[in-house]
Amino acid sequence: MTAAVLDQLQEVVEARVIERKKFKVPIVFASTTVLLTLLYGLSARDGDAQFMLGSSSDFVTIPKVVVPGMTTAWITIGIMVVLTALAFVLANAYKKSPWYATVLFCVAAMFGFLAWAGAGAPAVVNVVNLISGAVALAIPLVYGALGGVIGERAGVVNIAIEAQLLMAAFTAALVATVTGSAWAGLVAAMVAGFAVAAILGLFAIKYRVNQVIVGVVTNVLVTGLTTFLFQRLLVPNQLTMNNTEPLRFSSIRIPGLSSIPVIGPILFNQTIIAYLMYVAIAAVWFALYRTRWGLRTRAVGEHPQAADTMGIKVNGTRWRAVLIAGAIVGIGGAYFTLVSNGRFNWEMTAGLGYISLAAVIFGNWDPVRAAMAGLLFGFAMNLNNILGLLHTPVPSQFLLMLPYAVTLLAVAGLVGKSRAPAADGVPYVKE
Amino acid sequence: MRLELRGITKRFATLVANDHIDLVVEPGQIHCLLGENGAGKSTLMNCLYGLYTPDEGEILLDGEVVRFAGPGDAQAAGIGMVHQHFMLVPVFSVAENVMLGNEASKGVALDLDAARAKVREIAARFNFHVDPDAIIEDLPVGVQQRVEIIKALSRDAHVLVFDEPTAVLTPQETDELMEIMKQLRDEGAAIVFITHKLREVRAIADKITVIRRGAVVGEASPTSTDAELAAIMVGRAVELSVVKGEPQHTDTSLVVKDLTVTSATGQVLVDEVSFEVKGGEILAIAGVQGNGQTELTEALMGLETNVEGSIRLGGQELVGKSVRQVLDAGVGFIPEDRTHDGLVGTFTIAENLMLDRSDGPPFVKAGAIQIGFRDEFARQKVEEYDVRTQGIHQEVGRLSGGNAQKVIVAREMSRDLSLLLAAQPTRGVDVGSIEFIYKRIVEMRDSGCPVVVVSTELDEASQLGDRIMVMYKGGIVGVVPADTSRDVLGLMMAGIAPEDIAATQAEIAAEAAASDDAVSDAVDDAAPPGDTPSSDTATTGTDETGAAR
Ligand SMILES: Nc1ncnc2c1ncn2[C@@H]1O[C@H](COP(=O)(O)OP(=O)(O)OP(=O)(O)O)[C@@H](O)[C@H]1O
Ligand SMILES: [Mg+2]
């Protein structure tokens, strides 16, 4: 007779809940506010800041906005203080701050900072250029991050993104110059990324060498190889082998879409590689979460043994993922020599591959979020460029650090707990 | 489908895990495999399922020799397996796990709806409910098990292997599983069932084959008694009941007062619990899995972060202490999930045996591990606890389930303890070893140490415990003497306080009498009165003690 009673227990036993106050968001708000207050207070600046929200060729022209620098900065501090207080009050009442409060806070902080930086400067802060430049800078990062996400979701850590970008940049320059076609260069870049991925796969999947070691060694190898070939092959034959200047992809304006104020010129006046990037982000997301390939790829990254018992070839699936990822990273490499630069230069990727890896982790191994993290890094880099033009009084080294500090704060405070695929970096051995 | 294994031999280096095993499983039959820990049952089944390649021998399905390159081939041939360690991707949903490897697609996109429908259809066939969109890691083990079964059935398996499916199940879940197995058998499936619980074997087996040290030693009749089954399995007579005298209380007692444990999200997992365990006494904590027992033991061990209240061991306060300090206070802990909490799978047996004693002599001197001492110690323990292994330097992850459990028990029991916490100490352990572990637990108690045993097995709780404390929804329903009947304990596990039980039973009886139908029908329909027990009754555990004695 107990059976009947116990049947009722099959229902999940729901527990009493004691709510806890969560002060993470208000604390991040407060520290950012304090940081900026200190900056404004310690080095006040005179004059107006000029902002521009569009380019002259826009369908709807938005006039230049001129604001008094310091006053604006202090007003934004006021807004931030209010938002911080609000966040504290909400947290104290066991409530979460709404997402739009966070967005408003970030915009206020950014706007105030730029008003302060631009105060009295002859240069105009062009918001459209700031963001579209950020998108452009972020392109190789985003491709690198997408490749990283695919590899790690399948359980293979890819430290060699840097090598893939570099090899692809080199190959793109060489092939494009020799064939006279940027498109041929782009395809060659994908093949180069694929080839580096094959090296990674051979050692990491087939021979089960520690994946971090394989990645680092591959980076060193490719750096050496491209530098050697650059000096021996490209430098003496500059014009016939390393001259993509006339071939570079130029920006394509998408009629209609590009005339949307602010957003239009940012998103829809880019090169083909940027448009491909939008497609790639969506495609990788769809492939990972909505297709058979994605389900299997994620399964071998989480619990390879379970996948094996369901008749899935674990190492074959990993191979496929790593090679596809390599080809995607290759497109990002092509950006260096087919868009941003007219020729290959040694070590021109300058560690961006490692930053992609950081974007993978900040993006919690999700393609869309990793791409967003890539954009955030791109924004931070572009901010440096713009601040350089504005001649701010703070030592430039400090300013170089600031965007990263803010990024770190944002990531620490606003991004939730991150969780790697369970079998990430663990080679699969069958009995 | 008729399954025949002929001369299957599997070696791991020098160890012969399966030695020319012959086995025939007829369709419409439940064939039980009995054997000690490490006898080679799982290995044999893994050979059958294509996970291992046998070194010798052949597999025949309906008289035809088949060769499997991998589990995919075995599945295609109609073999399904529910593994001893679940083969589910924890972050996937039920439907995703079921479809994995055999995905239905609409164009390029996965057809999740088809997978959901399949889950519902199979669940309905066996009268249970599983939410196809639930994430595996949020589900209780019993439900995860059903997902494993659905997975196997979704491929139209005609031969089904259940490798110790009941080790992690509660008694009611076990009963349900056995119903499912019977239904499958009646539909014509050939079923291999591995278990260490003799009660289940007798209840359900059509045929019993016993394996010892890698070889078939004979068959047993399903009508044999427990003692006969145990003897043929272990090769000697086994004492199946616990022999213990009256408890001799000492002063080192464990006193828990108003202990509350909450999760990171604020859920109350243990709800203002108070109880006392005297030195020299075993308190068995019974209850349906997931009613706070796990969290209670982890809090006692210092493993939970959000703990309020007081835990005093021999007068010393343990709340707020680090795990290291709790260990130093002499608390020994046998965790319920050995693969995650108790052992480092890639470490050797010798290393695992000294895992929590790496902070000083005799295992470590001047910062260096005393290899000689460690190995000598390990050799002695392997011998004493009868761990079946190729040697003390074997990785623990390669041990059979029951032998891994013995390593933990050996480690924890070989320290000077002032409190022993054992959660499911005999999960997955064979009868011979259960006898041994019970003896050691009783010895620990007789040495004057308070002992807490958490068990979802009512038999284990009644046999080992001097008193039984029943938990429900994080609180204590009551503390009763060990000879309380199964029925009363069952009602208490449903949250009905012991003082209300007489009334409840009378009510059920009255209803049954009033009904014209068969008594069993009426009982099935009888809803538990007072199915929301007041939290008052659930937290007055210590008061109950006096009344119950
Ligand atoms: N992958 C492996 N490598 C080396 N030895 C192994 C491996 N798998 C199992 N063994 C050994 O083979 C023997 C049989 O193990 P198996 O898991 O088949 O036992 P079992 O009968 O299922 O036991 P239990 O009831 O404890 O689950 C054990 O001694 C075990 O240590
Ligand atoms: Mg086994």
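None of the figures in this text is laboratory data; all of them are computed from the coordinates on show. Given the structure is predicted, the values throughout are model-derived calculations rather than measurements. Cβ sites come from the backbone with ideal geometry, for glycine too, and all protein chains shown count toward neighbours.
For the reader, a short list of remarks on this structure follows.
- Computed FRET value (nearest 0.05) for B:Thr339 with A:Ala350, which takes r as the C-beta separation and R₀ as 56 Å: 0.80
- Assuming charge only on the beta carbon of Lys and Arg (+1) and of Asp and Glu (-1), the dipole of chain B about its Cα centre is about 2060 debye to the nearest 20.
- Each label point was placed 7 Å from the Cα along the Cα-to-Cβ direction; for A:Ser181 and A:Met110 their separation is 4.0 nm.
- If both residues of a DSSP beta bridge must be in chain B, then about 55% of such bridges are antiparallel.
- Between the range B:260-308 and the range B:108-187, the Cα center-to-center distance that results, in Å: 30
- In Å, descending, principal axis extents of the Cα set of the range A:134-414: 61, 49, 42
- 5 angstrom amide H check on B:Leu160, placed H, neighbours 5+ away: B:Gly80, B:Ala190, B:Ile191, B:Val192
- For the protein assembly as shown, the Cβ-based charge dipole about the Cα centre amounts to some 5340 debye (Lys, Arg positive; Asp, Glu negative; other atoms uncharged).
- Spacing of the modelled spin labels on A:Tyr207 and A:Ser418, each 7 Å from Cα toward Cβ, amounts to 3.0 nm.
- Average beta-carbon neighbours from other chains, 10 Å sphere, peptide B:487-497: 3
- Computed over neighbours whose Cβ is under 14 Å from that of B:Ile180, the net charge equals -3, Lys and Arg +1, Asp and Glu -1.
- Fraction of beta bridges assigned by DSSP in the range B:76-192 that are antiparallel (%, nearest 5): 30
- Highest average packing first - B:232-243, A:176-187, Cβ atoms within 10 Å: A:176-187, B:232-243
- Electrostatic tally near B:Glu64: other residues with Cβ closer than 15 Å to its Cβ, Lys and Arg +1, Asp and Glu -1, net -1.
- Packing-based ranking of A:25-31, A:303-309 yields A:303-309, A:25-31, ordered from highest to lowest mean Cβ neighbour count within 10 Å.
- Note on B:Thr14 and B:Asp73: the model spin-label points, each 7 Å out from Cα along the C-beta direction, lie 3.2 nm apart.
- As a length-normalised measure over Cα pairs under 8 Å and 6 or more apart, the relative contact order of chain B settles at 15 percent.
- Karplus-derived 3J(HN,Hα) values for the range A:171-185, using 6.51 cos²θ - 1.76 cosθ + 1.60 with θ = phi - 60°, are 4, 4, 4, 4, 5, 4, 5, 5, 8, x, 10, 5, 5, 4, x Hz; glycine and proline are entered as x.
- Here the range B:338-443 is treated as a sphere whose radius is the Kirkwood value from Cα pairs; by Stokes-Einstein at 25 °C and 0.890 mPa s it diffuses with a coefficient of 174 µm²/s.
- In percent, rounded to a whole number, the relative contact order of chain A is 25, using alpha-carbon pairs under 8 Å and six or more apart.
- One Cα centroid belongs to the range B:1-72, the other to the range A:117-150; the line between them spans 61 Å.
- Note, ³J(HN,Hα) from phi for the range B:351-356, Karplus 6.51, -1.76, 1.60, rounded to Hz, x at Gly and Pro: 5, 5, 6, 10, 3, 9
- Note on chain B: along the principal axes its Cα atoms extend 73, 69, 53 Å, ordered by decreasing extent.
- GluC sites (Glu not before Pro) lying in DSSP loop within the range B:133-231, provided at most 13 other Cβ fall within 10 Å: B:Glu187
- In Hz, Karplus ³J(HN,Hα) per residue of the range B:195-201 (6.51, -1.76, 1.60; θ = phi - 60°; x = Gly, Pro): 7, 9, 9, 5, 4, 5, 4
- Summary of the geometry: the range A:305-355 and the range B:401-470, compared by the centres of their Cα atoms, lie 53 Å apart.
- DSSP-defined antiparallel bridges as percent of all bridges, the range B:3-234, nearest 5: 55
- Mean Cα-pair separation over length for the range A:97-253, i.e. relative contact order, pairs under 8 Å, 6 or more apart, %: 22
- Counting Cβ atoms of other protein chains within 10 Å of each residue's Cβ and taking the mean over peptide A:288-295 gives 5.
- For residues of B:97-108, the mean tally of beta carbons on other chains within 10 Å: 4
- With kT/(6 pi eta Rh) evaluated at 25 °C and eta = 0.890 mPa s, and Rh the Kirkwood radius from Cα pairs, the protein assembly as shown diffuses with a coefficient of 75 µm²/s according to Stokes-Einstein.
- Full extension of the chain segment joining B:Ala104 with B:Thr53 gains 15.4 nm, where the gain is 0.36 nm per residue of separation less the Cα-Cα distance.
- Hull-based mean projected area of the range A:21-122, where the convex hull spans the alpha carbons, in square nanometres: 7.3
- Interchain or long-range residues, amide H under 5 Å from B:Ile285's placed H: B:Val453, B:Val454, B:Ser455, B:Met469
- Quarter the surface of the alpha carbon convex hull of the range B:263-314 and you get the mean projected area, 4.1 square nanometres.
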